[in-house]
1. For region 28-48, which residues satisfy the criterion of being surrounded by fewer than 15 Cβ atoms within 10 Å (Cβ to Cβ) and part of a loop (DSSP other than H, G, I, E, B)?
2. Given (1) out of contact with any Pro (no Cβ under 8 Å at 6 or more places or on another chain); (2) farther than 25 Å from MET82 by Cα; (3) part of a helix (DSSP H, G or I); (4) open to solvent by 20 Å² or more (accessible area, probe 1.4 Å), identify the lone condition not met by SER201.
3. Does ILE181 satisfy the condition of being closer than 30 Å to ALA121 by Cβ and touching a Ser or Thr at 6+ places or on another chain (Cβ under 9 Å)?
4. Please specify each residue of region 99-128 satisfying the condition of being out of contact with any strand residue (DSSP E or B) (no Cβ under 7 Å at 6 or more places or on another chain) and polar (S, T, N, Q).
5. Kindly indicate whether any position in region 105-113 is touching a Ser or Thr at 6+ places or on another chain (Cβ under 8 Å) and closer than 15 Å to GLY183 by Cα.
6. Scanning region 49-88 for residues that are hydroxyl-bearing (Ser, Thr, Tyr) and assigned to a loop (DSSP other than H, G, I, E, B), which turns out nearest to LEU192 (Cα to Cα)?
7. Is it the case, given these coordinates, that ILE73 is within 23 Å of LEU122 (Cβ to Cβ), in contact with a strand residue (DSSP E or B) (Cβ under 8 Å, 6 or more places away or on another chain), surrounded by fewer than 16 Cβ atoms within 10 Å (Cβ to Cβ) and in contact (Cβ under 8 Å) with a residue 40 or more places away in the chain?
8. If you go through region 123-132 one residue at a time, do you hit one that is among the aliphatic types (A, V, I, L, M), on the phi > 0 side of the Ramachandran plot and surrounded by 19 or more Cβ atoms within 10 Å (Cβ to Cβ)?
Amino acid sequence: MSTATPAKLETLTICHRAATIPQKWVGKEIAVGGYSSGSSTHLSRLAPGWYARYDHSHSAAALFAAPRLLQGIGEGITHVRMQQYRKVLSHVAVGRQHRELPTLREVMPSQAASLSDTDRALAPGCDFMVPPALSFRRTVLAHYASCHLPVDFLEYAVAAIDAGVLAENEVVDMLHEDRLIAGALELGIYPLEFFVSAVKSLEAISRRFIERADSRLASYGADQARALSSCVERAGSYLVLAELERRFGTNVPIGTTAWIVCITDNGGGYVPGRAE
């Protein structure tokens with residue numbers, strides 16, 4: 001079902017440094033790391049427990065802080081737009097396509113400034129604006145295992161059952177899914193009620209997962225430090241894909257997906273996996 005009235009958006013931007021996107025696009029910041037540490041919307045104030053685990057939760061910690069920030073927002077908000085300090089979604093394919101991540105466009109600041117409000121808004125008749133799903137030859141689990149330790153995603157899947165978020169058959173579907181929305185829930189526009197429910201579900205799973213894997217996560221070096229964040233991204237992608245299927249079946253409205261636009265510094269390239 002599409003929105004019957006124009007969406008009223010609240011924009012949240014995850015920032016671990018000053019935003020590269022135009023300031024007028026930022027909305028409310030969720031500040032992380034050493035950036036803007038005195039702000040009332042710094043992770044240390046919104047979610048101190050996750051702040052303490054930021055080295056091993058990264059952008060997932062900031063995502064979990066979003067519902068807390070939304071609690072203080074006035075009535076009438078129907079949708080939330082999630083962004084990162086240098087990433088937004090756009091219906092227009094500006095810049096150059098990334099060689100490894102085909103759903104992402106690299107742009108110079110001047111190119112990004114050319115995007116209109118309509119380019120970054122919900123398309124007519126749409127309730128969602130999400131990155132296109134990547135398709136894998138194998139499964140999401142196999143893809144995870146190609147760059148991380150599979151034990152983490154498998155334990156995260158078990159935690160989803162223990163937390164009462166997913167049934168066993170849903171966990172099997174998640175592990176065998178062959179599509180991934182990179183940046184699911186951290187980038188895009190979502191109905192407020194769905195977004196808050198999905199993020200709180202991911203947080204509940206993540207707490208159970210940490211109970212199981214805390215010592216292992218703490219032992220990881222830089223190459224595996226994003227394990228939790230990567231699990232959250234894949235579970236979040238599954239929740240978004242499942243919700244789109246529940247609402248629309250195979251008839252997802254045209255305009256639901258949009259390019260990830262990343263503003264690069266001085267024309268440099270985007271490196272996937274870099275902490276946002």
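1. Across region 28-48, the qualifying residues are GLY34, SER37, GLY38, SER40.
2. Status for SER201: all satisfied but (2).
3. Details: closer than 30 Å to ALA121 by Cβ: yes; touching a Ser or Thr at 6+ places or on another chain (Cβ under 9 Å): yes.
Criteria met by ILE181.
4. Once the filter is applied, which keeps residues that are out of contact with any strand residue (DSSP E or B) (no Cβ under 7 Å at 6 or more places or on another chain) and polar (S, T, N, Q), region 99-128 yields SER110, GLN111, SER114, SER116, THR118.
5. Checking region 105-113: at least one residue is touching a Ser or Thr at 6+ places or on another chain (Cβ under 8 Å) and closer than 15 Å to GLY183 by Cα.
6. Just the residues of region 49-88 that are hydroxyl-bearing (Ser, Thr, Tyr), to begin with: 51, 54, 57, 59, 78, 85.
Of the ones still in play, those that are also assigned to a loop (DSSP other than H, G, I, E, B) are 57, 78, 85.
Values: SER57: 23, THR78: 5, TYR85: 21 Å.
Among those residues, the one meeting the criterion is THR78.
7. Numbers: within 23 Å of LEU122 (Cβ to Cβ): yes; in contact with a strand residue (DSSP E or B) (Cβ under 8 Å, 6 or more places away or on another chain): yes; surrounded by fewer than 16 Cβ atoms within 10 Å (Cβ to Cβ): yes; in contact (Cβ under 8 Å) with a residue 40 or more places away in the chain: yes.
Yes: the conditions hold for ILE73.
8. Initially, region 123-132 is screened for residues among the aliphatic types (A, V, I, L, M), giving 123, 129-130.
If we keep only those that are on the phi > 0 side of the Ramachandran plot as well, we get none.
Among the residues of region 123-132, not one is among the aliphatic types (A, V, I, L, M), on the phi > 0 side of the Ramachandran plot and surrounded by 19 or more Cβ atoms within 10 Å (Cβ to Cβ), which makes the answer no.
The values are calculated or read from the model by the stated rules, or taken from the named source; none is laboratory data. What you see is a predicted model, and the numbers here were worked out from it, not measured in a lab. Virtual Cβ from ideal backbone geometry, glycine too; neighbours counted across all protein chains shown. Areas reflect the complete protein model, heavy atoms only, side chains present, ligands, DNA and RNA absent. Shrake-Rupley method; radii C 1.70, N 1.55, O 1.52, S 1.80 Å.
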